[in-house]
Amino acid sequence: MSTVVGKIKTFEGKRGDAFGIGLCLLSMFVFAAQDGITKLLVQEVPVSQLVMVRYWVFLLFGLAYAQLNGGIRLALKAAHPWLQIGRSSLGVLEIAVFGLALRYLGLAETHALYAVFPLITLALAGLFLRERVAPWQWLAALIGFTGTLIILKPGLGVFSFASLIPLLAALMFASFNILSRKISTADSFATNMLYMGLWGAVISTLIGLPQWVWPSPSNLLLMIVLSFTGVAAQLLLIQALKFASAVTLQPFNYSLLVFASLLGVIWFGEILDSYLVIGALLVVIGGMLSVMRRVR
């Protein structure tokens, strides 16, 4: 009897994982579509303005989530308020820098370079959080770094300084993840969301409001879609984590690079040269090797 019950639970667990993976893939597609919309908008609308509008909507989401999960007053009681503010500020800057990269680079190239952030996070975790970094993880970082160099093509006469922008965004997001690890055990998800929305809205408004330009009707519609799909993608990812563990979903996060590349080709007519494809594969292999070996 216990064997039958065990098999049923295993089947339900696998079905839950499959549903969680499906939600994760859908969220990655929405994120990729968002970046495509951003690439369209940054040609005519200041990046800071887009970030500001996104954070206004994110703040509404954060307030609603906090109210439904213990109340706003409780969510404002952070164990590390200054770390929360620093993390929120870094989040605003990272989104702005990534948007700037999309102004000068294609979707595929931007995401291929940005995909190195898990490996940067690994190095920073060993340096600042004193987490043990195993030899195979350094090997994974070396593989990913090699892939990044192949994409950048230094010394071949085709290197572009604009290619460093997504690497800066990746460094910022890796630092954001380190701060998130630091405060995740002390504060609730509602607190993290509320501080991100509140301080993100304040900082982005201070930067974005002076640069405000009135968008055309089509751009205004795209800005509204961009803002609300951002919340939708976050909700899909949160729901995915309810059905499958973060470890199970981690490899599927790299589907964002695949979706972005496909949208770049279909939407913007981008050409995926061999350097980009080979380099992106090495970055993904390095990232997945780091995660998969780490959880064993």
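Between K39, K14, the distinction of being farther than 14 Å from L220 by Cα and at pLDDT 85 or above belongs to K39 only.
Every condition in (1) surrounded by fewer than 22 Cβ atoms within 10 Å (Cβ to Cβ); (2) touching a residue at least 12 places away in the same chain (Cβ under 8 Å); (3) over 27 Å from A32 (Cβ atoms) is met by E131 except one, and the failing one is (2).
Within segment 141-151, not a single residue is of a type in the set (A, V, I, L, M), more than 25 Å from I285 (Cα to Cα) and surrounded by fewer than 21 Cβ atoms within 10 Å (Cβ to Cβ).
The set of residues in segment 256-290 being at pLDDT below 85, farther than 17 Å from L105 by Cα and surrounded by fewer than 19 Cβ atoms within 10 Å (Cβ to Cβ) consists of I285, M288, L289. Check segment 61-82 and report whether any residue there is in a helix (DSSP H, G or I), at pLDDT below 90 and of a type in the set (S, T, Y). The answer is yes; a qualifying residue exists. Inspect segment 124-144 for any residue being touching a Leu at 6+ places or on another chain (Cβ under 7 Å), modelled with pLDDT under 80 and in a loop (DSSP other than H, G, I, E, B) and give the result as yes or no. Yes, segment 124-144 contains a residue that is touching a Leu at 6+ places or on another chain (Cβ under 7 Å), modelled with pLDDT under 80 and in a loop (DSSP other than H, G, I, E, B).
For S160, the conditions (1) under 25 Å from W267 (Cβ atoms); (2) at pLDDT 80 or above are fulfilled apart from (2). Checked against the criterion of being among the aromatic types (F, W, Y) and over 18 Å from F31 (Cα atoms), the candidates Y195, Y254 yield just one match: Y195. The criterion of being charged (D, E, K, R), surrounded by 22 or more Cβ atoms within 10 Å (Cβ to Cβ), at pLDDT below 90 and part of a helix (DSSP H, G or I) holds for E109.
G106: in contact with a helix residue (DSSP H, G or I) (Cβ under 7 Å, 6 or more places away or on another chain) and either of a type in the set (K, R) or closer than 25 Å to L171 by Cβ (or both), yes or no? So G106 fits the description; yes.
The values are calculated or read from the model by the stated rules, or taken from the named source; none is laboratory data. For clarity, every value in this text was computed on a predicted model and none was experimentally measured. Reconstructed Cβ throughout: ideal geometry from the backbone, glycine too, with neighbour counts over all protein chains shown.
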